[in-house]
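Here's the structure, in structure tokens; my notes come after.
Coordinate-derived values only; no laboratory data. Just so you know, these numbers come straight off a predicted model, no measurement behind them. Because the Cβ atoms are built from the backbone with ideal geometry, glycine has one as well, and the counts that use them run over all protein chains shown.
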Amino acid sequence: MNLKERRFIGEAMSNKCLRIALAALKHPKTISEGLDKIGLALEEAANRKARIACFPETYLPGLRGADFALPPPDPVAQEQALVDIRAMARNHGIGVIVGMEKVTESGLLNVAYAISPAGRVLGYQAKNQITPGGEERSYVPDGERRVFAMDGARFGIVICHEGWRYPETVRWAARRGAQIVFQPQVTGSDKKGKRLKVWGESFYEKAMICRAEENSIYFASVNTAMRFQNSATSLIGPDGKRIAYVPYGKEQVLVRTIDLSKATRLYAKRYHPEWYSG
């Protein structure tokens, strides 16, 4: 980190700014390997002064219905992994958004936990608009949406398909004060597909721009690093302009400082749902 960046970070911390990390990581072969990769990513993010780090969708153990070879759901392993990640958050003093699975009486949830820098679980967001096909055969919705607060910021979470095809999920969070919406996702394949070359040509990256600009908020999308990604891990500003992204297929912890005062939520606040009640 050079002197100019250090000064900028110092100024940011006193001007309603937030430093975030987006961890574009390859899919782990085991939960143990995944925990090791999460630990290294959090260490790097914390060393670079990030306050919140976000990981891909169901990073532990992986996304069912995609092309990953996965063991059966294991609630004991998931609970222990959550304990371990909470300890990592506490040790590094950094907030964490991590995609996992949660076994419930209703079925298996695809969730993203929000964990504070003190290691406290603030809650989770379940994927409610579930992708048709293999995912729909594996996961169930819980019907709830939530907004979280951490380090002076309010944020929402939408999981993959929700953010692409259901813009209402992002607007819901923005209407309730979210200045940034994180999108853990798995979009693409490590086995087959088309190699993207230019950012912004895919539907998914165009959707990121829309979700940010139509709500006047930041949109932070985190994909697993794969050979045939359909979208890049990307950070979009409230004006719809791309701030930064991770090259396709590359493992990288992307760290940037965002100015929360620019997330005015202008268009989200002007929405009148009562006019469309039918």
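Computing FRET efficiency as 1/(1 + (r/R0)^6) for VAL83 and LEU108, where r is the C-beta to C-beta distance and R0 is 22 Å, gives about 0.65.
Taking one quarter of the surface of the C-alpha convex hull of the chain gives a mean projected area of 14.6 nm². Compared with the alpha-carbon gap, the fully stretched path from ASP74 to LYS206 is longer by 43.9 nm at 0.36 nm per residue. Every helix of 4 or more DSSP H residues in the chain counts as -39500 (n - 2.57), and over all residues that averages to -8500 deg cm²/dmol at 222 nm. Gain on full extension, evaluated as 0.36 nm per residue between LYS191 and ARG242 minus their Cα-Cα distance, stands at 15.6 nm.
A straight Cα-to-Cα reach below 29 Å connects LYS37 with the lysines LYS26, LYS29, LYS49, LYS102, LYS127, LYS191, LYS192, LYS194, LYS197, LYS250, residues fewer than 8 places away in its own chain not being considered.
Modelled spin-label separation between ARG120 and GLU251, with each label point placed 7 Å from Cα along the Cα-to-Cβ direction: 3.4 nm. Full extension of the chain segment joining LEU40 with ARG137 gains 31.6 nm, where the gain is 0.36 nm per residue of separation less the Cα-Cα distance. Using only Cα atoms, locate the centre of the stretch 182-202 and the centre of the stretch 102-153, then give the distance between them in Å, rounded to an integer. Centre-to-centre distance over Cα atoms comes out at 23 Å.
Packing, taken as the mean count of other beta carbons within 10 Å per residue, orders the peptides 217-223, 228-234, 101-107, 27-33 from highest to lowest as 217-223, 228-234, 27-33, 101-107. Take 237-247, 265-275 and order them by the average number of nearby Cβ atoms within 10 Å per residue, most first; the result is 237-247, 265-275. Per-peptide packing, taken as the mean over residues of other Cβ atoms within 10 Å, places 18-26, 128-136 in the sequence 18-26, 128-136 from highest down. Dipole orientation for the chain: of the candidates VAL76, ILE159, LEU260, LEU260 has the Cα lying most toward the positive pole (charges on Cβ; Lys, Arg +1; Asp, Glu -1).
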